[in-house]
Amino acid sequence: MVINIIVFLLPLLAGVNVMDMSAQYLATIGALFGPLVVLEGEVWRLVSAMFLHGGIEHILMNMLSLYIVGRSVEMLFSKTSYLIIYFISAFVGSLASIYFHPLSVGVGASGAIFGLFGALAGFVLVHRERMQNQFMEFMKNFGILLLLNLGIGLAFPSVDLSAHIGGLIAGVIGGIFVALNPRNVWLYMGLMMVIIYFFYNYLPILYVNPDDVLYR
């Protein structure tokens, strides 16, 4: 949360209005943009974009969500597992975003945050028999959360549901792996890195039509 807030406030030093930053400005400071990530090899944007936010409402909503889910994940997972699932979910969410929106500019920690929600869901699914009533309560709240975010995504076109869903799936897988055995986190990381590698190398096919690459 501290890193996200600091990165959000840094443009103030350059006199930028952080209340509502333009897509063009965000792209210049590290936002996700498919042609640059895929065709120019600027893979570092997969990291930088997850700490950037487009406005005050965006970061407030994400940081509130991160605070709520982060505290729960910290009680069930080690710091190593937490960070691995967080970053893997962000990467998968970002690549999913590029796949479905190859010419859009994207920022935000939503993919990573949904990965943490997914990790909780995966953990609860593995231990559902032991948790019983807690399992039913969690799944009810989880379903409400998904429906709420789906509604927000449909109401506001700027919300990237593909990044949310990609991060969520990666998180569920991570939560299941770790719930079965905490040491499985390394197997999860290795498996997901292989998937990310092949997914990334598939993406250039999206830009085979030169007319689609508007930045050139």
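Odds and ends about this structure:
- Taken across region 26-44, residues that are closer than 30 Å to N181 by Cβ, touching a helix residue (DSSP H, G or I) at 6+ places or on another chain (Cβ under 7 Å) and aliphatic (A, V, I, L, M) do not occur at all.
- Scanning region 46-58 for residues that are modelled with pLDDT under 90 and either part of a helix (DSSP H, G or I) or hydrophobic (A, V, I, L, M, F, W, C) (or both) gives I56, E57, H58.
- Counting residues in region 28-36 that are assigned to a loop (DSSP other than H, G, I, E, B), under 19 Å from D160 (Cβ atoms) and either of a type in the set (V, I, T) or over 17 Å from the mean Cα position of the chain (by Cα) (or both) gives one or more.
- Residues satisfying the criterion are absent from region 71-82 (criterion: of a type outside the set (S, T, Y), buried (at least 18 other Cβ atoms within 10 Å of the Cβ), assigned to a loop (DSSP other than H, G, I, E, B) and in contact with a Phe, Trp or Tyr (Cβ under 7 Å, 6 or more places away or on another chain)).
- Condition met for I205 (at pLDDT 95 or above and over 24 Å from G54 (Cβ atoms)): no
- Within the set V107, V43, V47, the sole residue that is of a type in the set (V, I, T) and buried (at least 16 other Cβ atoms within 10 Å of the Cβ) turns out to be V107.
- Residue-level check: of (1) within 30 Å of Q24 (Cα to Cα); (2) part of a helix (DSSP H, G or I); (3) modelled with pLDDT under 95; (4) small (G, A, S), G122 misses just (1).
- Contacts under 8 angstrom Cβ, first residue in region 58-87 being farther than 30 Å from A23 by Cα, partner part of a helix (DSSP H, G or I) and of a type in the set (F, W, Y), 6 or more apart: V73/Y82; E74/Y82; L76/F123; F77/F123
- Considering residues of region 4-27 that are outside any helix (DSSP H, G or I) and over 18 Å from H101 (Cβ atoms) only, the residue modelled with the lowest pLDDT: D20
- Against the numbered list (1) touching a residue at least 12 places away in the same chain (Cβ under 8 Å); (2) among the hydrophobic types (A, V, I, L, M, F, W, C); (3) part of a helix (DSSP H, G or I), V43 comes up short only at (3).
- Selected residue (only one of M50, M19 is under 17 Å from the mean Cα position of the chain (by Cα) and not β-branched (V, I, T)): M50
The values are calculated or read from the model by the stated rules, or taken from the named source; none is laboratory data. Computed from a predicted structure; not experimentally measured. For neighbour counting, all protein chains shown are included, and Cβ atoms are generated from backbone atoms with ideal geometry for every residue, glycine included.
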